[in-house]
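Read through the structure below, which is laid out as structure tokens, and then see the notes.
The values are calculated or read from the model by the stated rules, or taken from the named source; none is laboratory data. Predicted model only: the values in this text are computed from it and were never measured. So basically every Cβ, Gly included, is an ideal-geometry build from the backbone, and we count neighbours across all protein chains shown.
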Amino acid sequence: MALRADAQPIQVVAVERHSPGRAALRRFVRHRLAVVGMVLLTIIVLLAVFADVVSSRPFFTDVKAVSQPPSAEHLLGTDRSGRDVWARVVHGARTSLVVGLGAVAIYVVIGTVLGGIAGVRGGRTDFAIMRAVDTLMSIPTLLLVIVFVAAIGPSLFSVVAVIGLLGWPGACRLVRGQMLSLRESEYIMAARVVGVSMPGILFRHLLPNIMSSLAVLATFGVASAIILEAGLSFLGLGVKVPVPSWGEMINAAQSPTVLIDTPWLWIAPGIAIALTVLSVNFIGDGLRDALDPRAVRRR
Amino acid sequence: MRTRGLAMLTVAALAFSACQAATPSASSVPPASVAPGGSAASVAPSTATGGGVTDTLQMHWLGDLTAIWHPASQETFSQAVNFQLMFDKLIERKWDGATWTPVADLADTWDISPDGLTWTFHLHPGIKWHDGEAFTANDVAFTVSRALLNTRKNTQNAWAAVVGVDKVTDPNGIASGVKVIDDNTISLTIGAPNADFVSDLTDPSAFIVPQHILKDTDPKAVETIEFSTTKPIGTGPYKFIKYETDQYSQFEANPDYFQGAPKIKNVFVKRLLGDQAIAQLESGDLDLSIRLNPAEKGRLEKVPTLDVLSTSGVGTYGPYMNMLTLTDVKTRKAIAMGVDAQGIIDSIYNGAGHINRGVLPGMPAADDQEFFDYDPAKAKQLLDESSWDKSKPLRIVFDKSFAGVEQWTPIMQQNLQDIGFKVELIGLETTAAIEMYDKIDQFDVTIAQGGAQGVSPFASQIYFSCKQTEPAHFKTYSRNCAIDDGFVAARKEIDETKRTEIFKSVSKLINDEVEKVSWWTTNALSAKTKRLQGVTIPPDTREFITGVQNWTLTP
Amino acid sequence: MATYILRRILIAFPVLLGITIASFVALSLAPGDPLTARMDPTVLAQLQRNPQLLQERRHELGLDQPVPVRYVIWLSGALQGDLGYSIQSHRPIAEEIAKRIPPTLALMSVAILIAVLVGIPLGILAALRPYSKADYGMTTVTLALSSVPTFVLGLAAIYIFAVWLDVLPSGGMQTLGRPNSILDFASHLFLPAMVLGLASAAPLLRYTRASMLEALNGEYVVAARAKGLTPNTVVVRHAFRNSLIPIITVLGLLLPELVAGAVITEQIFAWPGMGQLAVRAASDRDPALMMGVVLIIGTAVLITNILVDITYARADPRIHLGAAS
């Protein structure tokens, strides 16, 4: 402990001057890319919300103008049914953001809570939770998702709920693994000895430590949830057919013609997914720095 | 199934003329030029590398496959492609671009008794099975008589029409309607005049199987006997070597083939996804591919090593109305006339298709029949006059696996919304779609994909069997018994002119119901390497293997 | 430790049972009918017209039994080592699966190797120079990679290497009509393994970077630096060792991910492995085949999980497995 104080005395002082929340916010804002990510995500969300304002009708088909390259009239070209790609990208953002961010938020929370409990409590609780994880992880996710979505009835809500409720084992294992390690570490022991309550320890000390791994998990989770939704749409279990989603749009690239001859059909949604994922990643980085006062940024 | 429905029926039914017998005497190719049969391991390495291989053909047919090699169990088109390579039928059919004619296969000639009931087949002498045993009329008698005892039998079975086949109980018994006259002559008697019997004889379920191998097997175990799983023996141009599950089936030339030894030694029928096939054609890993997605035509035409063949094919699309919910004929007409079929052909299929005027494939249209050409103004007016509640969604179910369907259904949706419908599209994956058709209160229209020209109209009869109540989706049909009666009458009518007249009246009846409408037919897209010679893709793609023994690969 | 492992193995059996029950119920609830899923419309239409024959076929396949009965029949067979027959090919499922395991193992082990060799070193590199151009470059590339579905990557790879450059085969496991050789096999393995491996390297790289950053900021590393240890020693001995826990977890998580990835990769490259078999089982609604696949994959995942937990204890001696009870 002494070593730590010696190493970064200035920071410790700095932290103590403000309330922890404001300090965290300050550290987050100082993380330039996190701010960029935040701005980016805000723009994407705003585009989704005001999709009707910034684009024309996403369902309007023009049989005389199918698979047209980008032009003044159609900024990103038209798709194989003669629909405006830009309109479909911004309208598709609604579906994809809700699925990507919503489902991942649900399962990261569930996974963190259960993984935290398993890692901290250990013993029977750990054993029970981990066997549930084993079971869920051993059954092909898509199969489970298909069955549950089919049972509830396909809709945007059920896709989010089902991916969210079934996707947590990964996060759970990850958190639990780190908890196992951290539980035994000196400063947690110290905190326990001092009598800090377990939830307190969890929130104050452990959460910042697993934040970076969780951010990565969430980053990739968002991308795969967006793509999984497209898979479900293909099975008739996602959003209703003409409603656009990024995954559905990028799926078109399965056709060699689309992949090579009309790349604007899949590059636009591909970039949209990448930008969303990138901003989630940067925000995750920023959160880690914000929540973990120890984090030093060497440049 | 119904959506893929109608005459696609006969894609299987009449399909796949194995071993076209147009020139049975053409066996002048010296068998010495082809090495006798061998195992998979003994396949000789080709001398050439890369694109220059001339002794090995790699082809592909898109579709599901049941890997049982007994023709009785034929239930997928891909299976029939394999059967064609290794088996023969009594007679075959030849498509000349407008009509089809029966031609010789195992039987050189055949006579029909004046009453149309007794068919006598004169078999080509000296034919041998792949294992060297002689083929005789007894093999035919065996195949016919045992047909209905086999498990997993194809229900659309030509032999069911032969007298006594349904009464055979002994696996080696001979049906009363089957008479072996001598080793090369056999007669079959059918119970009633049947204008369609000749086309039934060209069905993939009508391949002849060897008595000497199957006589000691249990017909109740067709799917597990060695013959079905690993060692099918036929008389066809190619011998079966092996099947690697989900990868390929491998064949080797039969040097003793009675219609001439095949010139290409090895044939692989690959299992691939449609998009993979395109890539493999471009990379030279595939020599021939049938049934590609017509939307990929433009891309393939740019590849210099390929011949792209766009032939009037197996993609008839149109709405099937749910007669329980679309009770007013005006509503149905509004749907039929409300979709810009030509626009869809031009934009989605690059013009590779045409508007359909006849109601059913192979059925002549009546002279005074009404056509439902695209006319949005008229359609709108019809809808306004009809009893349809426009605030209700018009629920249209379709199978997403149909080529191009995901591209044109939004256009259809927009067309129908423009005339006043509120349209809900329900796109499902094949199995889910099949299940949906029986939930008869959950849809108003299903999209059907059907077959092509050259198909006998009888293939579509099942959709009009007015008394059928199972499965549930039959209840959504018009159930007009006059149509069914018309089919029955036509089947009994052997005189072709009179039969055409009956069909015309049936066509009008069906058309007046506005129940099953076909909007357009797309062309079938096939592609082959320019090095492959002798292949003709008939207007009907299913006959493509005909004459495979004459195909060659140039270096 | 030994008791812990034994206990884990014993408990694996009820878990496996749970997996099979859940999968069986899920399968029977999923839309679609095993009998008709694969049939051509014409054959199906004919069959549906003949309800009695349909019933007969259902009976032949045992589909007329209620779900619990079918499960018990399946289970008692499985316990005796009989996984039943595939509806599609009517071959023994054990035989079908046995054929698929070697190709899948080959594909997966090479893919894991690629993922580890690419992901971990680059992740460490990124962590050593965080927020540098190289770090951002890797971040962008890996995230872009994860934003494009595997089948698009696969198809693109086929076009680049098999069609345009014409240096590698476009799919399958061997060149048809030519004798098998190791070189031929390797050339067919290369593209699918690369696509699968790189797709998995992306998350691995990110996790490694994250936990290395975490570890490099830890007090023990600071202490080690202060002790005057060389930077390399610090990174390898201290930081990397301490960042192992999350990396091991991720490697454990990678297996189910790889299986899922393999489904698509095998499909696009016509690689005859378990993934392709799983797809067929699903699209044919072939219940027995699906159960066989689930059983094998489930067992593999369970074993991995046990190994991961044991490795935790090895990597971090402070962890006492099962200590609490």
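Going through A:Ala72, A:Ala87 one at a time, which residue ends up being farther than 16 Å from B:Ile344 by Cβ, assigned to a helix (DSSP H, G or I) and either in contact with a strand residue (DSSP E or B) (Cβ under 8 Å, 6 or more places away or on another chain) or not β-branched (Val, Ile, Thr) (or both)? Please lay out each step first, then the result.
Numbers: A:Ala72 fails: assigned to a helix (DSSP H, G or I).
Only one candidate passes the filter, namely A:Ala87.
Here is a yes/no grid of residues against (1) more than 11 Å from chain C (Cβ to nearest Cβ); (2) in contact (Cβ under 8 Å) with a residue 12 or more places away in the chain; (3) part of a loop (DSSP other than H, G, I, E, B):
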{"site": "A:Ile210", "(1), (2), (3)": "no, yes, no"}
{"site": "A:Leu214", "(1), (2), (3)": "no, yes, no"}
{"site": "A:Ser233", "(1), (2), (3)": "yes, yes, no"}
{"site": "A:Gly238", "(1), (2), (3)": "yes, yes, yes"}
{"site": "A:Ile250", "(1), (2), (3)": "no, yes, no"}
{"site": "A:Ile260", "(1), (2), (3)": "no, no, no"}
{"site": "A:Ile271", "(1), (2), (3)": "no, no, no"}
{"site": "A:Arg288", "(1), (2), (3)": "no, yes, no"}
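Scanning segment C:99-121 for residues being crowded, with 19+ Cβ neighbours inside 10 Å and within 14 Å of chain B (Cβ to nearest Cβ) gives a total of 3. Can you find a residue in segment A:202-210 that is under 30 Å from A:Leu76 (Cα atoms) and buried (at least 23 other Cβ atoms within 10 Å of the Cβ)? Within segment A:202-210 (the criterion being under 30 Å from A:Leu76 (Cα atoms) and buried (at least 23 other Cβ atoms within 10 Å of the Cβ)), the answer is no, since none of the residues qualifies.
On the basis of being more than 30 Å from B:Ile396 (Cα to Cα), within 11 Å of another protein chain (Cβ to nearest Cβ) and surrounded by 24 or more Cβ atoms within 10 Å (Cβ to Cβ), does A:Gly177 make the cut?
Details: more than 30 Å from B:Ile396 (Cα to Cα): yes; within 11 Å of another protein chain (Cβ to nearest Cβ): yes; surrounded by 24 or more Cβ atoms within 10 Å (Cβ to Cβ): yes.
Yes.
Scanning segment B:342-399 for residues that are among the polar types (S, T, N, Q), over 21 Å from B:Thr331 (Cβ atoms) and without any contact (Cβ under 8 Å) to a residue 24 or more places away in the chain gives no hits.
Give the number of residues within segment C:165-197 that are over 22 Å from B:Tyr243 (Cα atoms) and in contact with a Ser or Thr (Cβ under 9 Å, 6 or more places away or on another chain).
Filtering segment C:165-197 down to residues over 22 Å from B:Tyr243 (Cα atoms) leaves C:165-168, C:183, C:186-187, C:190-197.
Filter once more, so that each one left must be in contact with a Ser or Thr (Cβ under 9 Å, 6 or more places away or on another chain): C:166-168, C:187, C:191-193, C:195-196.
Adding up the residues that qualify gives 9.
With respect to the conditions (1) under 28 Å from the mean Cα position of the chain (by Cα); (2) surrounded by 16 or more Cβ atoms within 10 Å (Cβ to Cβ); (3) assigned to a helix (DSSP H, G or I); (4) more than 7 Å from every other protein chain (Cβ to nearest Cβ), C:Pro34 falls short on a single one, namely (3).
The selection criterion, being closer than 25 Å to B:Gly547 by Cα, under 22 Å from the mean Cα position of the chain (by Cα), crowded, with 22+ Cβ neighbours inside 10 Å and not β-branched (Val, Ile, Thr), does not hold for B:Leu281.
Among the residues of segment B:121-133, count how many are free of Cβ contacts under 8 Å to residues at least 12 places away in the same chain and either assigned to a strand (DSSP E or B) or in contact with a Gly (Cβ under 7 Å, 6 or more places away or on another chain) (or both). Walk me through how you get there before you give the answer.
Going through segment B:121-133, the residues free of Cβ contacts under 8 Å to residues at least 12 places away in the same chain turn out to be B:132.
Keeping just the survivors that are either assigned to a strand (DSSP E or B) or in contact with a Gly (Cβ under 7 Å, 6 or more places away or on another chain) (or both) gives none.
Number satisfying all stated conditions: 0.
Would you check if C:Ala94 is farther than 30 Å from A:Ile283 by Cβ, of a type in the set (Gly, Ala, Ser), within 10 Å of chain B (Cβ to nearest Cβ) and assigned to a helix (DSSP H, G or I)? When the stated conditions are applied, C:Ala94 does not pass them. Every condition in (1) surrounded by 14 or more Cβ atoms within 10 Å (Cβ to Cβ); (2) under 30 Å from A:Ile273 (Cα atoms); (3) not aliphatic (A, V, I, L, M) is met by C:Lys133 except one, and the failing one is (1).
Please specify each residue of segment A:228-250 satisfying the condition of being modelled with pLDDT of 80 or more and within 26 Å of C:Leu204 (Cβ to Cβ). Answer for segment A:228-250, where residues must be modelled with pLDDT of 80 or more and within 26 Å of C:Leu204 (Cβ to Cβ): A:Leu228, A:Glu229, A:Trp246, A:Gly247, A:Ile250.
Going by the structure shown, is A:Leu206 modelled with pLDDT under 80, farther than 30 Å from C:Pro130 by Cβ and either more than 8 Å from every other protein chain (Cβ to nearest Cβ) or part of a helix (DSSP H, G or I) (or both)? It is false that A:Leu206 is modelled with pLDDT under 80, farther than 30 Å from C:Pro130 by Cβ and either more than 8 Å from every other protein chain (Cβ to nearest Cβ) or part of a helix (DSSP H, G or I) (or both).
Taking the criterion of being more than 24 Å from C:Asp33 (Cβ to Cβ) and part of a helix (DSSP H, G or I), the residues of segment C:67-82 that qualify are C:Ser76, C:Leu79. Of the residues making up segment B:179-207, those that are at pLDDT 95 or above and of a type in the set (A, V, I, L, M) are B:Val180, B:Ile181, B:Ile186, B:Leu188.
Of the candidates A:Val113, A:Val66, the single residue that is over 27 Å from A:Leu237 (Cβ atoms), more than 14 Å from chain C (Cβ to nearest Cβ) and surrounded by fewer than 19 Cβ atoms within 10 Å (Cβ to Cβ) is A:Val113. Those strands (runs of 3 or more DSSP E) of segment B:59-120 in which 1 or more residues are surrounded by fewer than 17 Cβ atoms within 10 Å (Cβ to Cβ) occupy B:100-104, B:107-112.
Yes or no, residue by residue, for (1) surrounded by fewer than 24 Cβ atoms within 10 Å (Cβ to Cβ); (2) at pLDDT 75 or above; (3) more than 8 Å from every other protein chain (Cβ to nearest Cβ):
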position: C:Glu214; (1), (2), (3): no, yes, no
position: C:Asn217; (1), (2), (3): yes, no, no
position: C:Tyr220; (1), (2), (3): yes, no, yes
position: C:Lys227; (1), (2), (3): yes, yes, yes
position: C:His238; (1), (2), (3): yes, no, yes
position: C:Thr265; (1), (2), (3): no, yes, yes
position: C:Ile296; (1), (2), (3): yes, yes, yes
position: C:Ile306; (1), (2), (3): yes, yes, yes
position: C:Pro317; (1), (2), (3): yes, no, yes
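Output the helices (runs of 4 or more DSSP H) that fall wholly within segment C:133-248 and possess 3 or more residues being in contact with a His (Cβ under 8 Å, 6 or more places away or on another chain), or say none. Quick ask: steps written out before the conclusion?
Numbers: elements: C:133-147, C:150-157, C:182-216, C:219-227.
Passing ranges, in order: C:219-227.
Among the residues of segment B:506-541, those that are in contact (Cβ under 8 Å) with a residue 60 or more places away in the chain and in a strand (DSSP E or B) comprise B:Lys516, B:Trp520, B:Thr521, B:Thr522, B:Asn523, B:Ala524, B:Leu525, B:Ser526, B:Ala527, B:Lys528, B:Thr529, B:Leu532. Exactly one residue out of B:Gly236, B:Gly191, B:Gly173 is small (Gly, Ala, Ser), touching a residue at least 24 places away in the same chain (Cβ under 8 Å), in contact with a Cys (Cβ under 6 Å, 6 or more places away or on another chain) and more than 13 Å from chain C (Cβ to nearest Cβ), and it is B:Gly236. Just to verify a result, which residue in segment C:157-195, among those that are crowded, with 16+ Cβ neighbours inside 10 Å and small (Gly, Ala, Ser), is farthest from B:Asp55 (Cα to Cα)? Among those residues, the one meeting the criterion is C:Ala193. Do the conditions hold for B:Val405, that is, is it crowded, with 17+ Cβ neighbours inside 10 Å, away from chain C (no Cβ under 14 Å), within 24 Å of the chain's Cα centre (by Cα) and among the aliphatic types (A, V, I, L, M)? Here the answer is yes, as B:Val405 does meet what is asked.
You will find that of A:Asp84, A:Asp134, the residue that is within 14 Å of chain C (Cβ to nearest Cβ), free of Cβ contacts under 8 Å to residues at least 60 places away in the same chain and surrounded by 22 or more Cβ atoms within 10 Å (Cβ to Cβ) is A:Asp134 and no other.
Considering each residue of segment C:141-151, count those that are in contact with a Leu (Cβ under 7 Å, 6 or more places away or on another chain) and either at the interface with chain A (Cβ under 7 Å from one of its Cβ atoms) or surrounded by fewer than 20 Cβ atoms within 10 Å (Cβ to Cβ) (or both), and give that number. Break it down into steps so the answer makes sense when it comes.
First, the residues of segment C:141-151 that are in contact with a Leu (Cβ under 7 Å, 6 or more places away or on another chain): C:142-143, C:145.
Then drop every residue that is not either at the interface with chain A (Cβ under 7 Å from one of its Cβ atoms) or surrounded by fewer than 20 Cβ atoms within 10 Å (Cβ to Cβ) (or both), which leaves C:143, C:145.
Residues flagged as in contact with a Leu (Cβ under 7 Å, 6 or more places away or on another chain) and either at the interface with chain A (Cβ under 7 Å from one of its Cβ atoms) or surrounded by fewer than 20 Cβ atoms within 10 Å (Cβ to Cβ) (or both) within segment C:141-151 amount to 2.
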